[in-house]
Amino acid sequence: MLTRVWEHTLGEVVQWARVNSPWALHFNSGSCNGCDIELLATLTPRYDVERLGVKLQGSPRQADLLVVTGAVTRQAKDRLLRIYAQMPEPRFVMALGSCALSKGIFHDCYNVVGPVDVFIPVDVYVPGCPPRPEAIIAGMVALLGKLQAAPAAEAQT
Amino acid sequence: MTEVLALLIFPGGIALLLAALLYEWINRKLAARLQNRVGPRWFQPLADLVKLLAKEEIIPQGAQPVLFDLLPIVSLAAVTTAALYTPLFGLAPAGSFPGDLIVAVYLLSVLSLCTSLAGLITDDRYALVGGLRVLTQLFSYEAPFLLALLLPALVAGSWQISVIAAYTSEHTWLLLTQPVGFVVAVIGLMGKLELPPFDAPEAHTEIVAGSLTEYSGRGLALFRLSRNVVLIVGLTLIAALYLGGVANPLLFFAKTLLLLVGVTIAQMLFARLRIDQTVGLWWRFGVLLALGQWLLTLLGKAVA
Amino acid sequence: MTTLEFARMLLLRWQNAFSTPEANRLDVHIAPAEVQPAVSALLAGHWGYLAGITGLDGSDALEVLYHFASGAVIVTLRISLPRTGARVASICHLIPAANVFEREISEMLGVTFRGAPDTARLFLPDDWPEGVYPLLKDAVLPEDPHDRTD
Amino acid sequence: MTAPTKQFTIPIGPQHPALKEPGFFEFTVEGETVVGATVRLGYAHRGIEKATESRTWVQNLYLLERICGICSHIHALAYALGVEKLAGVTVPPRAQAIRELTAELERIHSHLLWLGVAAHEAGFDTLFMYSWRDRETVMDIFEQFSGSRVHHSVNTLGGVKFDLTPELSDAIHQGLDYLDERARYYLDLVQNDPMLSGRTRNIGVMTEADAARLGVVGPTARASGVLRDLRVEAPYSAYVNFPVQAVVETAGDLHARFVVRVRELLESIRVIRLLLDGLPTGDLQARMPRKIPAGETISRVEAPRGELFYFIKSAGGDMPERIKVRTPTLCNLASVLELSRGRQLADIPMLLVGVDPCFSCNDRMVTICRVESGERVDFTWDQLRRKESIP
C-alpha cells in the first residue's frame, strides 16, 4: 500500500518536472531558414520561452524535445535518425513548418525524401510557412498539455 | 542528534541543496531580466533537477562506466563537504579546525577536476576539448583565487574560517582595506563556476556542452547541483572573509545576495574570452595583483 | 577605352564570335580547348573576377558559361560540349575558387574537368546513383520512396 | 584520444549549436590551433534548380523566395528583374521604389540577425538578445506591410503586390527612429567594447589583394577595402534615383566586418527615409505576358550577404528552360577555409559567422573544399599565392 502511494507520488513529481522543463534541440533537415529564425526568435526577449522552462541545448544527450525544421533531404536523413537515436528517453519530436509536415513547396524536388514523420515518430505538428513564434509556443504548450494529461505511471516509463 | 540534523537537513544537506537551487534561479532570472526577458519561473531549477534525475542515463561507448557514474557523485560529495566548513546562512560552520580554509578551497576544486575527468574518459571529441579547457582554466585561476582567499587569513593571523570571520566582523570590512584581493576572489569564483566570460570550457557554439556533452540524466543533474553548491559556498566564503563577517544571519544573507547580483551583472556585460585570453588574463594580471596585495599587506604588518 | 572594350581586346585572339546580348554584356564563343588561355588572358589583364560558371543542357549539346564580372560589366566565355562524355580542362590552377563551380557542373551535367584537383562526390547525397545527372533534361531521377501524394 | 599524431578532428555540423543551419565542417586541430579545414554542404540540398524547370514563371517566384528565409525578398527580386528584362516589361517607378524599400528593410533585418548570431558565437548573449529584440521592429513592419514576417512575397512579375499606405509610412518612420538610435548604439559598442574587440580585432585578416583575388563579395569584401556593391556599381530597380553610398572599411579583420554591417544599417535607414518621403506616385504593376520570349539574361542584385547572381534562360514557353542561382555565400565560403588555418578553435565560429554563411541559399550547389596541411589537399594558401604570381 505504502509503496504504491510512494510510487504514485513519485510519478506525479517526475511528470510535473518533465512538463516544466522541456529542453529542446534544433535540427535543420533541409529547411530554408525561415522556420529556424522563427524558432530562434522564440528565445529572444519578445517571446522568451524560458518562461516555460524551454532551453535550447547543444547536445542531443541533454535534450527532451527534438525540433525538426524542413523537409528531410537524402543527405540529412541519416543524421536525423542518428540524432534521434542519441537522445535519451523520454524524448519528443516537434515537426516545425509546412516542409517538415508534408514537404511543402519542395514536394517534387528530387533530393527531398519525405516529411519528418515517415522517419521518426512526431508528437506535435506546427504548420505554417514559416509558423509565427506564437504558433511555435502554442505547439510547445500543446505538447506539454499532452504530457500532463498522460497518466503518471506512463510518464515514468 | 542535533549534529546529524545539522548535517542532513539544516544548515547542511537538504537546506544547502535547496538554497543552491534558489541561488541558481536568482542568477538565471536576473540574467534574463538584464537581457530584457521574463526569465524562468521560481521552481525552474528544481524542475530541471528532478527531470534530469528521472531521465535515461546513457553510458556512451568508449567511456569508463564506473568512473562515468562515480565522478558526479564524488564531485557533489566533495563540494558538500566543503560546505561543512563554511558559515552557511551566517550560522556557525558544522565542522571547524585550524586550517579548514585551505581544505575548503581545495575541496571546491574537486568539482573542476571531476568535470575535466568526465570529459577525458569519454571518446567524444567535444568532451575531450572541454575537459582540457577545464584543466587549463583551473591552472590559470586557481593560484590567484587561492592567494585572494588566503589574504584575509594573513590579516587575521589564522587559517581557520571561523576565526577569520570573527576577526573580520570586528574590524573594518576587508573589502575596503583589501579591494584588490576582493576583486580577484570574485572573478576567480566566476572562473571556477565557468560563468561568462570564462565559459570557454563549455562554449556551446564551439564544443557543444564541453566535457559534459555525453552526460544525459543523473550525472548531469549531479554536476549541475555541485556547481550550484560551489556557487553558494564560494559566495559565503567571500562574504564572510571580505564583507565583514557573519554577525547577523539575515544581513549575511543579504550580503551574499548582493554579491550574486554583482556576479550576474558582470557575467552579462562581457563576451566570452578565448581560453588563451583567459590564461593570459590570470597570469598577467590576476596573479600579479594578488601578489601585490600580499606584499602590501605583509609590509603593513611589518610596519605595524 | 571602356571596360567592355578592354575585355574585347584581351579576348580578341581566342574568340570565334562576339555577341552583345544586352548592354554591359559581352558573350565570347570560344573553342573548348581554349578555355585556359582565354581565362589566363583575362587574369593577365587584371580584368574582373569569376562570378560563376553556368552549365546548360541545350537540346543537342551542353554549354558551359564562364561569367566574369567587373562592376556592371559581364563577360561570358561560352563553350559547347557533346552531351555524352563531355571533357574540358579545369581552370582551378588559375582560379582556385572555380573548383566549387566546376564540381557543381560535373555532378549536375556530367562534364569532366580535366586536371581538377578533386573530383570526388560533392553535393549530391552519398547514396546517389552513379551516372544520374539531375540537370540533364532527360535525367531519370530516383523516386521518393516515401511519396504519399497519391 | 590516444591517436598516434597530436592532431585530431573536430566535426562541426550538420547539427551543431554554432550552426543554425546544416553544413558539415571538419577542423583538424593541434591542441587549440586549427591546422586544417574541410566543408561538406548538401544537407539542405533540395534540388530547386531542377524544380524550377517544371513550374510556371509565376509559380517559380514563390519557389525561389523559399531558397532562403532570411533573404527571401532579394531572391524574388533578382528573379523578377531578370524575367522582366527578358519580357521587355518596364516596371512602374512606384513599384521599383517599393522594391528597393523592402530590400533595404530586409537588409536591416538580416544584419541585425547577423549581429545577434555573431554575438552569440562570441558568447555575448546579452547583445544577441538586444539585437534580436530590435529586429522585431522590422518584423512588425513586414507583418503590417505584407502580412508575413518571413516570406513577404512583396514582388510579383511586373511590379509589387502591396502598396505603401500613409499609415504604414508613419509606422516605418517611427520604427526607423528607434532603429537609428539603436544602430548608433551598436556602432559604438562594436567599435569600443574592449571584450568584443578582443575577440574580433586582427582575427581572420583578409587583405585587399586576397579579397579581390578570392572573389569574395558583399560586406566581407567591403570590410577588406574592396568596393564591391552592385547597388553602387550597377544600380538596378530604384537605386538610380535613390542611391546608396557604399560602406567600405580597410582593416579586413572580423572587427571591420562588424563595423561594415552596422554602418550599413545606418545607410539603409537613411535611404529608406528618403524613399518614404519621395515615393513616386503611379501604378504598382505592369502587365506581364504569360509566356516569356526566348532569350537569356543575367540578373545580379546586392543581397545582404553580397552579390546574388541569377542566370535565366527562356525557350519561349510558360516555364523557364534553365535558372541558375549563384549565391554570395558560395563565393565567401572558400575564404573561411583559407583563413581558418593557424587560428584558435575558438575563433572558427566567429570566422564562419563573419561571412554570414547561408547554407539554405547554397543548397543547390554544394562543395567540398579542403585546406589541410597534409596530403588531402584541395587548394592551399601556397597554391593561391602561386596564382598571384601569374602575370
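The values are calculated or read from the model by the stated rules, or taken from the named source; none is laboratory data. If you're wondering where the values come from, they're calculated on a predicted model, not measured in any experiment. In this analysis, Cβ positions are derived from the backbone assuming ideal geometry, glycine residues included, and neighbour counts consider all displayed protein chains.
Does C:G85 fit the bill of being within 11 Å of chain D (Cβ to nearest Cβ) and either assigned to a loop (DSSP other than H, G, I, E, B) or touching a His at 6+ places or on another chain (Cβ under 8 Å) (or both)? Spelling it out, it is not the case that C:G85 is within 11 Å of chain D (Cβ to nearest Cβ) and either assigned to a loop (DSSP other than H, G, I, E, B) or touching a His at 6+ places or on another chain (Cβ under 8 Å) (or both). Condition check for D:G198 on (1) loosely packed, with under 15 Cβ neighbours inside 10 Å; (2) within 14 Å of another protein chain (Cβ to nearest Cβ); (3) assigned to a helix (DSSP H, G or I); (4) not aliphatic (A, V, I, L, M): one failure, at (1).
For the stretch A:60-95, the tally of residues that are away from chain D (no Cβ under 14 Å) and either of a type in the set (D, E, K, R) or touching a Gly at 6+ places or on another chain (Cβ under 7 Å) (or both) stands at 5. Among the residues of the stretch B:63-87, those that are part of a loop (DSSP other than H, G, I, E, B) and within 16 Å of B:L212 (Cα to Cα) comprise B:A63, B:Q64.
Going by the conditions given, is D:I203 touching a residue at least 60 places away in the same chain (Cβ under 8 Å), surrounded by 20 or more Cβ atoms within 10 Å (Cβ to Cβ), in a loop (DSSP other than H, G, I, E, B) and not assigned by TED's automatic domain parsing to the domain that holds D:G342? It is true that D:I203 is touching a residue at least 60 places away in the same chain (Cβ under 8 Å), surrounded by 20 or more Cβ atoms within 10 Å (Cβ to Cβ), in a loop (DSSP other than H, G, I, E, B) and not assigned by TED's automatic domain parsing to the domain that holds D:G342.
The set of residues in the stretch D:203-233 being within 14 Å of D:V259 (Cβ to Cβ) and polar (S, T, N, Q) consists of D:T220, D:S224. The set of residues from the stretch B:40-87 being touching a Ser or Thr at 6+ places or on another chain (Cβ under 6 Å), over 18 Å from B:L117 (Cβ atoms) and more than 8 Å from chain A (Cβ to nearest Cβ) comprises just one member, B:T86.
Mind checking which residues of the stretch A:35-59 are assigned to a loop (DSSP other than H, G, I, E, B) and away from chain D (no Cβ under 14 Å)?
Result: A:G53, A:V54.
Checked against the criterion of being in contact (Cβ under 8 Å) with a residue 40 or more places away in the chain and under 23 Å from A:A138 (Cα atoms), the candidates A:A76, A:A41, A:A17 yield just one match: A:A41.
To keep it simple, each residue is scored yes or no on (1) more than 11 Å from chain B (Cβ to nearest Cβ); (2) out of contact with any Ser or Thr (no Cβ under 6 Å at 6 or more places or on another chain); (3) buried (at least 23 other Cβ atoms within 10 Å of the Cβ); (4) modelled with pLDDT of 90 or more.
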| site | (1), (2), (3), (4) |
| --- | --- |
| D:P92 | yes, yes, no, yes |
| D:A95 | yes, yes, yes, yes |
| D:R99 | yes, no, yes, yes |
| D:T102 | yes, yes, yes, yes |
| D:E106 | yes, yes, yes, yes |
| D:S110 | yes, yes, yes, no |
| D:G116 | yes, no, yes, no |
| D:H120 | no, yes, yes, no |
| D:T126 | no, yes, no, no |
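Within the stretch C:22-51, the residues that satisfy the criterion of being assigned to a loop (DSSP other than H, G, I, E, B) and under 24 Å from D:R228 (Cα atoms) are C:E22, C:A23, C:N24, C:G45, C:H46, C:W47, C:G48. Across the stretch A:109-124, the qualifying residues are those that are over 15 Å from the mean Cα position of the chain (by Cα) and within 17 Å of A:S31 (Cβ to Cβ), and the one among them that is surrounded by the fewest Cβ atoms within 10 Å (Cβ to Cβ) is A:V118. Under the condition of being modelled with pLDDT under 80 and within 30 Å of B:T172 (Cα to Cα), the residues counted in the stretch B:102-140 number 0. Applying the criterion of at least 2 residues that are under 22 Å from A:L39 (Cα atoms) to the helices (runs of 4 or more DSSP H) found wholly in the stretch A:61-157 leaves A:74-86, A:98-102, A:133-149.
Checking D:R149, D:R133 one by one, the residue that is touching a Pro at 6+ places or on another chain (Cβ under 7 Å), assigned by TED's automatic domain parsing to the domain that holds D:L275 and free of Cβ contacts under 8 Å to residues at least 24 places away in the same chain is D:R133 and no other. Within the stretch D:206-218, the set of residues being more than 10 Å from every other protein chain (Cβ to nearest Cβ), under 20 Å from the mean Cα position of the chain (by Cα) and assigned to a loop (DSSP other than H, G, I, E, B) comprises just one member, D:M206. When we screen A:C32, A:C99 for residues that are more than 7 Å from chain D (Cβ to nearest Cβ) and surrounded by 22 or more Cβ atoms within 10 Å (Cβ to Cβ), the only hit is A:C99. Return the residues of the stretch D:219-259 that are more than 13 Å from every other protein chain (Cβ to nearest Cβ), among the small types (G, A, S) and within 15 Å of the chain's Cα centre (by Cα); say none if nothing qualifies. Of everything in the stretch D:219-259, just one residue is more than 13 Å from every other protein chain (Cβ to nearest Cβ), among the small types (G, A, S) and within 15 Å of the chain's Cα centre (by Cα), namely D:A223.
Taking D:A183 as the residue in question, decide whether it is touching a strand residue (DSSP E or B) at 6+ places or on another chain (Cβ under 9 Å) and not charged (D, E, K, R).
no
The set of residues in the stretch B:114-147 that are more than 26 Å from B:F285 (Cβ to Cβ) and among the acidic types (D, E) comprises B:D123, B:D124. Taken over the stretch B:274-285, the residue count meeting the criterion of being more than 7 Å from chain D (Cβ to nearest Cβ) and under 25 Å from B:E24 (Cα atoms) is 1.
Has the stretch D:148-164 got any residue that is buried (at least 20 other Cβ atoms within 10 Å of the Cβ) and closer than 30 Å to D:G198 by Cα? Steps first, please.
If we filter the stretch D:148-164 for residues that are buried (at least 20 other Cβ atoms within 10 Å of the Cβ), which is where we start, we get D:149-152, D:154-155, D:157-160.
From the residues that got through so far, the ones that are closer than 30 Å to D:G198 by Cα too are none.
There is no residue in the stretch D:148-164 that is buried (at least 20 other Cβ atoms within 10 Å of the Cβ) and closer than 30 Å to D:G198 by Cα.
Against the test of being over 20 Å from the mean Cα position of the chain (by Cα), in the same structural domain as D:L61 (by TED's automatic domain parsing), in contact (Cβ under 8 Å) with a residue 24 or more places away in the chain and over 21 Å from D:H111 (Cα atoms), the options D:L196, D:L168 yield a single qualifying residue, D:L168.
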